[in-house]
Structure formats: C-alpha cells, structure tokens
1. In the set B:169, B:162, B:128, which member is more than 14 Å from chain A (Cβ to nearest Cβ) and closer than 30 Å to residue B:65 by Cα?
2. Considering the stretch A:1-56 alone, what residues qualify as being open to solvent by less than 50 Å² (accessible area, probe 1.4 Å), more than 10 Å from chain B (Cβ to nearest Cβ) and part of a loop (DSSP other than H, G, I, E, B)?
3. Check residue A:66 against each of (1) closer than 24 Å to residue B:175 by Cβ; (2) in contact (Cβ under 8 Å) with a residue 24 or more places away in the chain and name the one condition it does not meet.
4. Given the options B:86, B:91, name the one that is surrounded by 15 or more Cβ atoms within 10 Å (Cβ to Cβ), hydroxyl-bearing (Ser, Thr, Tyr) and without any contact (Cβ under 8 Å) to a residue 12 or more places away in the chain.
5. Please specify each residue of the stretch B:136-156 satisfying the condition of being within 30 Å of residue B:95 (Cβ to Cβ) and either open to solvent by 90 Å² or more (accessible area, probe 1.4 Å) or within 14 Å of chain A (Cβ to nearest Cβ) (or both).
6. Filter the stretch B:106-133 down to the residues that are of a type outside the set (S, T, N, Q), touching a residue at least 40 places away in the same chain (Cβ under 8 Å) and open to solvent by less than 50 Å² (accessible area, probe 1.4 Å) and list them by number.
7. Only one residue in B:50, B:80 is more than 29 Å from residue B:154 (Cα to Cα) and open to solvent by 70 Å² or more (accessible area, probe 1.4 Å), so which one is that?
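The values are calculated or read from the model by the stated rules, or taken from the named source; none is laboratory data. Note that the structure is predicted; figures quoted are calculated from it, not measured. In this analysis, Cβ positions are derived from the backbone assuming ideal geometry, glycine residues included, and neighbour counts consider all displayed protein chains. Just the protein is used for accessible areas: all its heavy atoms, side chains included, with ligands, DNA and RNA removed. Shrake-Rupley method; radii C 1.70, N 1.55, O 1.52, S 1.80 Å.
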Amino acid sequence: MPITVKLDELLYQRRMTLTHLAESVDITLANLSILKTGKAKAIRFSTLEAICGVLECQPGDLLGYDQAGGKAP
Amino acid sequence: MATSKPGDPLLGAAKVLLILFTIAVIFGMVMLGIGTSVLLTFGRYEFMTRIAAVDAPAIAFWGLVGGLLLLEGMLYLGLRFIRELSGIVNSVGAGAPFHPRNAGRLSRMGWIMIIAEGVALPLAALLAWFAPYLEKAGKHVEIDFGLDAESILLILILFILARVFREGARMNDELEGTV
C-alpha cells in the first residue's frame, strides 16, 4: 500500500500510548491498531481530524506516500 | 461495526413463523411419505377398485403416485426456501445482513421459485387429467393453472435483491477497513 501511516513515530515523539490516544479521540483501540499496522483501507476525515487534534500535527505528518511501496497509480 | 438487535419484534415474529412453517412442512412431508408408502403397498388394491369404478385407466394409479411424489418435491422446495430465509433472518439478527452468503441465499430462493413453478406445471396437468374422473366420483376440483404475475414478480424481486445484497456485501467489505 503506497499510503504509509506514521502513527508509531508520532506516538513515540509525544510519549503517548495507543491506548491513551484511543481514549482521547474516542476511536476504538482495534480501529487504531488497524490504522497503525497499515491494514486500513480508508480513513474518515473525522478520524483524521480527531487524531491530528490530539497529537497536534498535520495530516501530512501522519500520512505519507511511498510509490515504491505498492502498485503504481 | 455489526451489532446484534435483541428484542426486535419483527425478527422475533419472523423466527417464530419460520419455525412453525418448518414444522408444518416437515409434518406434511412425513404424512405424504407415509401416504405414498401405504398407497404403494396396502392401499393399492382399494385404489385400483376406486379408479375402476369411475372408468379411469389403470395408469391413473401411477399418475397419482407421480403426483404425490411431485407434491413431496414441492414441499421439499418449500422447506429449502424457508431454510434460506431463516438464514437471512438470523444474519439480520446478528447485525450483519450484507454478506455474500445472503446474496447466495436470495439467488437460491429465486431458483427455488422457478423450479417450483416448473414442478407445478405437471402437477396441474395431472390434476386436469384426473378432474373428470374426480367429478364422476362426486368430487369437484378447481384448477388454477399457469404462471401468475405474483410469482413472476417474487422471482424478479428475489434476484434483484440478491444483486443488491451482493453490492451491499462489497460496500460492507470496503467499510470494514475504514477507520
């Protein structure tokens, strides 16, 4: 999947656990795990907004694009 | 996220009705099976006497046996239809109706209806053949023969719904990975 999720890095930088983030953004731990492990197929804007709000970051800090990591568009 | 729906009166009523229909159909199949067995064994002589009394040919016996077997087939189709519908109702109760299995169930229900209409044709033809002899025996028979609009519509609805559920399952699958 060319879209990469840098949630691990952001959590490490902010010294936050995934469980704490789940409680703060009102998203289930299961869904956040799906996102963190790159298994998510899509992300809602509301989810992106909530995560960026808690982690105080931009969507571009959370998501990346690696063309070599998947099929070419 | 799939959630169950406890206490849904419609689903509850549907489950009860389907159980009752299942019992009725199985009972009918068993009784028909017993009746056919008796006819083929102990009841054969008496039946042959009765058909001779109304000047029906001897082959009427096998016509009746064939008719009973076709009826048994119809009841079996009815049982399969109820079982497929039960599967759908259970999946709705489990909060996960949009699954490819339900698309398959609806499709099979459509085919069951088509086969049932096909089985009904020789049954009606047999009944039409028996009618004059039954009239002679003092039993009036009315035959409603042919493919009616309701059956055609039901078959169409089932196949269209199968497509709807197939698409719903695909959309649900996409949603599964959405956070």
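1. From the options B:169, B:162, B:128, the qualifying one is B:128.
2. A:2, A:16, A:38
3. (1)
4. B:91
5. B:153, B:156 - these are the residues of the stretch B:136-156 that are within 30 Å of residue B:95 (Cβ to Cβ) and either open to solvent by 90 Å² or more (accessible area, probe 1.4 Å) or within 14 Å of chain A (Cβ to nearest Cβ) (or both).
6. B:106, B:109, B:110, B:113, B:116, B:119, B:120, B:123, B:126, B:130
7. Only one candidate passes the filter, namely B:50.
For (1) closer than 18 Å to residue B:137 by Cβ; (2) over 25 Å from the mean Cα position of the chain (by Cα); (3) not β-branched (Val, Ile, Thr), each residue gets a yes or a no:
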| residue | (1), (2), (3) |
| --- | --- |
| B:37 | no, no, yes |
| B:42 | no, yes, yes |
| B:50 | yes, yes, yes |
| B:59 | yes, yes, no |
